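> Quick one: this structure, given as structure tokens, is what I'll be asking you about.
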Amino acid sequence: MTYLVTGGFGCIGSYVIRDLLEAGEQVVVYDLTYDLTIPEMVLNEDQINQITFVGGDIVDLPNILQTIKKNDIDRIIHLASWQVPACQANPPLALKIVSEGTVNIFEAARVFGIERTVWASTVGVFGSPDDYNHQQVKNDSPHFPKFIYGACKSLNERYAEHYFDEYGLDTIGLRFTAVYGVGRTRGATSFTTKMIEAVALGKTYGVPFGDDAVDWQYVEDVSRSIVMAAICPTTKTRIFNVRGGVRGVKEGFDYLKAIDPDANISLEPGLFGISWDYDASAIAEEIGFVQDYTMEKGIDKTLDRFRQLQKKGVIS
Ligand SMILES: NC(=O)c1ccc[n+]([C@@H]2O[C@H](COP(=O)([O-])OP(=O)(O)OC[C@H]3O[C@@H](n4cnc5c(N)ncnc54)[C@H](O)[C@@H]3O)[C@@H](O)[C@H]2O)c1
């Protein structure tokens, strides 16, 4: 099978490429530039050499159509997006990249009869704990996005429903939480990775949101959920909550301090402000995905990987 992975040179995309190549699949990456900064943290040289790269913008529908046709694409994994900070800074362009870009992918998938498109939504479509009376957020709970990013992804979810209802387009959207792991360089929740990186590389870091808990979602679980969603039978549900494990930011901080008491990290007060407690039973029932990584296991793996990359001179 040949997979088109949009935004493939980002954090999640690099792990998806690795998992697809290990499964013997062909990978075509569609991304803005041939920037291997993140892929080189995740993939080996042989894996990088197996990737077909197409440079392009997700807002450029003719280029996407041509890429699908030229490379005989069977399935699409759509990850290209801006995240919270970039969207807040430029709302008009956020709408184009996050929403129009996703509708372009749905349209291209419809035109070519692509058998499965998996795309990344976000729990940022949901609101604060107050919006849900501090109860767990269900798969079909109402949306109260706090940021432009979540509002755009919420619109995408509506489009996914429309393309399924009107054209039978088989898509699966996955709402990720606070993804961490080597390669997570962008986005409002990248602070968990940054604190692990600071400990690994002996850097100073002030960890924000110290009074909050977050859903610690390790990137290899995220990648596995995407690959499972790409090959499972058609689901009844179009978009799924996906979770890791809700733990205090301070718990992660304390765990790292226990590993390295001399670590130069400090905990800053504050709340991130959105709900982090999501019901992920639908993806378990319909796709069979259940997360594997506890916070401790994910931190250990991330710490080790940062240290290995430093030793090899890939990062400093
Ligand atoms: N990381 C998280 O915690 C998280 C949580 C929920 C949802 N998501 C979603 O998962 C997906 C992947 O996230 P990530 O953490 O890997 O992000 P990332 O920022 O590391 O990667 C995004 C990739 O998209 C590319 N891209 C950006 N704008 C583009 C454009 N206009 N045209 C083509 N490519 C473009 C970038 O070059 C980059 O390679 C995104 O859709 C994101 O919204 C991520």
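The values are calculated or read from the model by the stated rules, or taken from the named source; none is laboratory data. As the structure is a computational prediction, the values presented were derived from the model and not from experiment. Cβ sites come from the backbone with ideal geometry, for glycine too, and all protein chains shown count toward neighbours.
> Give the residue that is farthest from V227 (Cα to Cα), with candidates limited to residues of the range 110-127 that are away from the ligand (no atom under 16 Å from the Cβ) and crowded, with 19+ Cβ neighbours inside 10 Å. Show your work before the answer.
Residues of the range 110-127 that are away from the ligand (no atom under 16 Å from the Cβ), as a first pass: 110-116.
Now narrow it down to the ones that are crowded, with 19+ Cβ neighbours inside 10 Å: 114, 116.
Details: I114: 16, R116: 11 Å.
Among those that are away from the ligand (no atom under 16 Å from the Cβ) and crowded, with 19+ Cβ neighbours inside 10 Å, it is I114.
> When you look at V137, is it in contact with a Lys or Arg (Cβ under 9 Å, 6 or more places away or on another chain), under 22 Å from V222 (Cα atoms), β-branched (V, I, T) and surrounded by 17 or more Cβ atoms within 10 Å (Cβ to Cβ), yes or no? Please lay out each step first, then the result.
Values: in contact with a Lys or Arg (Cβ under 9 Å, 6 or more places away or on another chain): no; under 22 Å from V222 (Cα atoms): yes; β-branched (V, I, T): yes; surrounded by 17 or more Cβ atoms within 10 Å (Cβ to Cβ): yes.
No; evaluated as a whole, the condition is false for this residue.
> Which residues, counting only those in the range 108-118, are in contact (Cβ under 8 Å) with a residue 24 or more places away in the chain and outside any helix (DSSP H, G or I)? Quick ask: steps written out before the conclusion?
Our first condition is that a residue be in contact (Cβ under 8 Å) with a residue 24 or more places away in the chain; within the range 108-118, this holds for 108-112, 114-118.
Across the range 108-118, the qualifying residues are I114, E115, R116, T117, V118.
> Could you identify the single residue in A198, A188, A229 that is within 28 Å of G8 (Cα to Cα), touching a residue at least 40 places away in the same chain (Cβ under 8 Å) and more than 16 Å from the ligand (Cβ to nearest atom)? Break it down into steps so the answer makes sense when it comes.
On the way: A188 fails: more than 16 Å from the ligand (Cβ to nearest atom); A229 fails: more than 16 Å from the ligand (Cβ to nearest atom).
Only one candidate qualifies: A198.
> Please specify each residue of the range 201-216 satisfying the condition of being in contact with a Lys or Arg (Cβ under 7 Å, 6 or more places away or on another chain), more than 15 Å from the ligand (Cβ to nearest atom) and either more than 18 Å from T294 (Cα to Cα) or not aliphatic (A, V, I, L, M) (or both). Outline the logic, then answer.
Filtering the range 201-216 for residues in contact with a Lys or Arg (Cβ under 7 Å, 6 or more places away or on another chain) gives 205, 210, 213, 215-216.
Imposing the further condition that a residue be more than 15 Å from the ligand (Cβ to nearest atom) reduces the set to 205, 210, 213.
Passing the criteria: Y205, G210.
> Taking D165 and the conditions (1) surrounded by fewer than 24 Cβ atoms within 10 Å (Cβ to Cβ); (2) touching a residue at least 12 places away in the same chain (Cβ under 8 Å), which numbered condition does it fall short on, given that it satisfies the others?
All conditions are met except number (2).
> Is it the case that D130 is at pLDDT 95 or above, exposed (fewer than 14 other Cβ atoms within 10 Å of the Cβ) and either out of contact with any Gly (no Cβ under 9 Å at 6 or more places or on another chain) or not in a helix (DSSP H, G or I) (or both)? Walk me through it before giving the result.
Numbers: at pLDDT 95 or above: no; exposed (fewer than 14 other Cβ atoms within 10 Å of the Cβ): yes; either out of contact with any Gly (no Cβ under 9 Å at 6 or more places or on another chain) or not in a helix (DSSP H, G or I) (or both): yes.
So D130 does not fit the description; no.
> I'm trying to understand the selection: among the residues of the range 278-296, which are within 10 Å of G244 (Cα to Cα) and in contact (Cβ under 8 Å) with a residue 12 or more places away in the chain? Talk me through it step by step, then tell me what you get.
Step one: filter the range 278-296 for residues within 10 Å of G244 (Cα to Cα), giving 278, 280, 290-295.
Answer for the range 278-296, where residues must be within 10 Å of G244 (Cα to Cα) and in contact (Cβ under 8 Å) with a residue 12 or more places away in the chain: Y278, A280, Q291, D292, Y293, T294, M295.
> Still on this structure, I have one more. Mind telling me which of the residues D19, D35 ends up being within 18 Å of R186 (Cβ to Cβ) and touching a residue at least 24 places away in the same chain (Cβ under 8 Å)? Walk me through how you get there before you give the answer.
Numbers: D19 fails: within 18 Å of R186 (Cβ to Cβ).
Exactly one of D19, D35 is within 18 Å of R186 (Cβ to Cβ) and touching a residue at least 24 places away in the same chain (Cβ under 8 Å), namely D35.
> Also, quick follow-up: What number of residues within the range 76-107 satisfy the criterion of being more than 11 Å from the ligand (Cβ to nearest atom) and either surrounded by 17 or more Cβ atoms within 10 Å (Cβ to Cβ) or assigned to a helix (DSSP H, G or I) (or both)?
So in the range 76-107, the residues more than 11 Å from the ligand (Cβ to nearest atom) come out as 76, 88-92, 95, 99, 103, 106-107.
Still in the running and either surrounded by 17 or more Cβ atoms within 10 Å (Cβ to Cβ) or assigned to a helix (DSSP H, G or I) (or both): 76, 88-89, 91-92, 95, 99, 103, 106-107.
Selection size over the range 76-107: 10.
> Would you confirm whether or not the range 28-39 contains a residue that is within 14 Å of the ligand (Cβ to nearest atom) and charged (D, E, K, R)?
Narrowing the range 28-39 to residues within 14 Å of the ligand (Cβ to nearest atom): 28-39.
Subset that is charged (D, E, K, R): 31, 35.
The answer is yes, given that some residue of the range 28-39 is within 14 Å of the ligand (Cβ to nearest atom) and charged (D, E, K, R).
Residue-wise test of (1) touching a Gly at 6+ places or on another chain (Cβ under 9 Å); (2) among the basic types (K, R).
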| residue | (1), (2) |
| --- | --- |
| G244 | yes, no |
| A258 | no, no |
| D262 | yes, no |
| F272 | no, no |
| S275 | yes, no |
| E286 | no, no |
| D300 | no, no |
| R307 | no, yes |
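> Next question. Out of (1) surrounded by fewer than 20 Cβ atoms within 10 Å (Cβ to Cβ); (2) touching a Lys or Arg at 6+ places or on another chain (Cβ under 7 Å), what's the single condition that is false for T171?
(1)
> How many residues are more than 10 Å from the ligand (Cβ to nearest atom) and in a loop (DSSP other than H, G, I, E, B) when one looks only at the range 52-75?
The number of residues fulfilling the criteria is 4.
> Okay, next question. Tell me whether the range 13-21 contains one or more residues that are at pLDDT 95 or above, over 21 Å from N71 (Cα atoms), surrounded by 18 or more Cβ atoms within 10 Å (Cβ to Cβ) and within 13 Å of the ligand (Cβ to nearest atom).
Here is the first cut: in the range 13-21, the ones at pLDDT 95 or above are 13-21.
Retained after the next criterion (residues that are over 21 Å from N71 (Cα atoms)): 15.
Then drop every residue that is not surrounded by 18 or more Cβ atoms within 10 Å (Cβ to Cβ), which leaves 15.
Checking the rest, the ones that are also within 13 Å of the ligand (Cβ to nearest atom) come to 15.
Among the residues of the range 13-21, at least one is at pLDDT 95 or above, over 21 Å from N71 (Cα atoms), surrounded by 18 or more Cβ atoms within 10 Å (Cβ to Cβ) and within 13 Å of the ligand (Cβ to nearest atom), which makes the answer yes.
> Same structure again: Which members of the range 158-185 meet the condition of being within 13 Å of the ligand (Cβ to nearest atom) and in a strand (DSSP E or B)?
Hits for the range 158-185 are G173, L174, R175, F176, A178, V179, Y180.
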